[in-house]
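These notes are about the structure you will find just below.
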Amino acid sequence: MYLIRDGSGFVYNEVVNPAAVYDSRDSVLLKIGEKQEMKNYFNTVQNQYRSYGFSDMADDISFMELPRDQETIDKVFQISDYIGKLHRQLLH
């Protein structure tokens, strides 16, 4: 079990399979949570952008399974652009 928590320790959620949905162009975290819920959210966001004709923006939305490491999950949730750092690591 992994926690989605802020820097003061307040727990927003508990997850078994952590994942995130984010804007890969701007390195902005959109949502973090349970893998299947994040897959559904990812599909919903992409479909909504496309339905309004924003295919370029839809292409920027990404899904990532997060490492099963509490410290990394904390950094993704608490530090701006940390999801971008992970994304860039995947590209290399």
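Rule-based calculations on the coordinates, nothing more; no lab input. Just so you know, these numbers come straight off a predicted model, no measurement behind them. FYI the Cβ positions are ideal-geometry reconstructions off the backbone, even for glycines, and counts take in every protein chain you see.
Using θ = phi - 60° and the Karplus form 6.51 cos²θ - 1.76 cosθ + 1.60, what ³J(HN,Hα) does each residue of the stretch 67-73 get, whole Hz, x for Gly and Pro?
x, 7, 8, 4, 4, 5, 4
Amide H neighbours of residue 17 under 5 Å, counting only residues 5+ apart in sequence or on other chains, H built in-plane at 1.01 Å?
Counting only residues 5 or more places away or on other chains, the set is 35.
Quick one: net charge of residue 37's neighbours, Cβ under 13 Å, K/R +1, D/E -1?
With Lys, Arg at +1 and Asp, Glu at -1, the net is 0.
Can you give the longest stretch of the chain with no exposed loop site, where a site means chymotrypsin sites (Phe, Trp or Tyr not before Pro) in a DSSP loop (not H, G, I, E or B) with at most 16 other C-beta atoms within 10 Å?
Here the longest run is 11-51.
For the chain, take the longest principal axis of its alpha carbons; what is the angle in degrees between that and the long axis of helix 35-51, to the nearest 10 within 0 to 90?
30
Can you compute 3J(HN,Hα) from phi for each residue in the stretch 52-64, using the Karplus curve 6.51 cos²θ - 1.76 cosθ + 1.60 with θ = phi - 60°, rounded to whole Hz and x for Gly and Pro?
9, x, 9, 4, 4, 5, 4, 5, 7, 6, 10, 10, 9
Please state the Cα pair-distance histogram of the chain with 5 angstrom bins from zero: what percent is in each bin?
Going out from 0 Å in 5 Å bins, the chain shows 3, 15, 25, 24, 18, 10, 5, 1, 0 percent.
Put a dot 7 Å past each Cα toward the Cβ at residue 31 and residue 68; how far apart are the dots in nm?
Placing both labels 7 Å beyond Cα along the Cβ direction yields 2.4 nm.
Report, to the nearest 10°, how far helix 82-91 tilts away from the longest principal axis of the Cα atoms in the chain, using its own Cα long axis and a range of 0 to 90°.
Result, in degrees: 70.
Add -39500 (n - 2.57) for each DSSP H run of 4 or more in the chain, then divide by its residues: what number comes out at 222 nm, to the nearest 500 deg cm²/dmol?
Result for the chain: -13500 deg cm²/dmol, rounded to the nearest 500.
At a threshold of 8 angstrom on Cα-Cα distance, excluding pairs fewer than six apart, so keeping six or more, what relative contact order does the chain reach in percent?
Relative CO of the chain lands at 33 percent.
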